[in-house]
1. Among 199, 149, which comes first, then next, by fewest other beta-carbon atoms within 10 Å?
2. From largest to smallest, what semi-axes in whole angstrom does the range 93-214 give when each is the square root of 5 times an eigenvalue of its alpha carbon gyration tensor?
3. Which of 170, 139 has the fewest other C-beta atoms within 10 Å, and how do the rest follow up to the most?
4. Gain in length, residue 173 to residue 161, computed as 0.36 nm per residue apart minus the alpha-carbon separation, to one decimal in nm?
5. Along Cα→Cβ, 7 Å out, is where each label goes; now give me the distance between the ones at residue 212 and residue 191 in nm to one decimal.
């Protein structure tokens with residue numbers, strides 16, 4: 001019994017010093033680890049993180065019923081020049097081509113006049129109408145890019161031929177009787193005039209073909 005009491009007394013004396021030793025050791029360890037990491041229990045942040053959700057994008061306009069139904073589509077206003085000029089720009093050459101195409105019937109009428117050997121009066125009338133229109137075309141496009149077209153150049157050549165042969169035929173009526181036996185009068189004889197008309201006919205057909213190819 002005495003031995004038990006002695007042990008109990010010794011234990012009570014030694015316990016405070018032992019606790020002080022471990023307390024001091026814990027403080028030293030805490031000081032050593034300070035700033036070198038996290039020592040403790042991590043908080044549970046799983047509940048604070050919101051799960052990602054799939055966002056649904058809505059159109060900024062409302063769909064129209066029957067949009068892709070051909071029966072519901074409005075027809076294109078093909079006869080409206082304002083609409084056509086916006087969708088399809090006019091060709092820069094179209095105006096010249098249109099003007100030149102108006103001359104084709106006049107060229108063809110003069111061709112028919114020569115082939116049918118019509119009277120001088122009809123020839124002069126049709127020739128004058130043709131030359132007036134070609135002169136107007138030349139004035140309109142003089143100095144413009146169209147004046148370098150082959151068809152434009154050819155029209156000017158034909159125009160000069162028509163004018164010269166028209167003058168030749170008119171003068172032949174007046175001067176042939178007086179110059180028939182002179183050297184100068186040979187240009188007015190029927191054979192020479194027929195040759196000139198044949199040459200003009202070929203040139204007229206050439207320019208008609210050229211204009212049709214460009215239209």
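1. 199, 149
2. Working from the Cα gyration tensor, I get semi-axes of 30, 14, 12 Å.
3. By the 10 Å Cβ count, ascending: 139, 170.
4. Separation in residues times 0.36 nm, less the Cα-Cα distance, equals 2.5 nm.
5. Once both label points are built, they end up 3.4 nm from each other.
None of the figures in this text is laboratory data; all of them are computed from the coordinates on show. The structure displayed is predicted, hence computed values, not measured ones. Note that each Cβ is placed from the backbone with ideal geometry, even for glycine, and that neighbours are counted across all protein chains shown.
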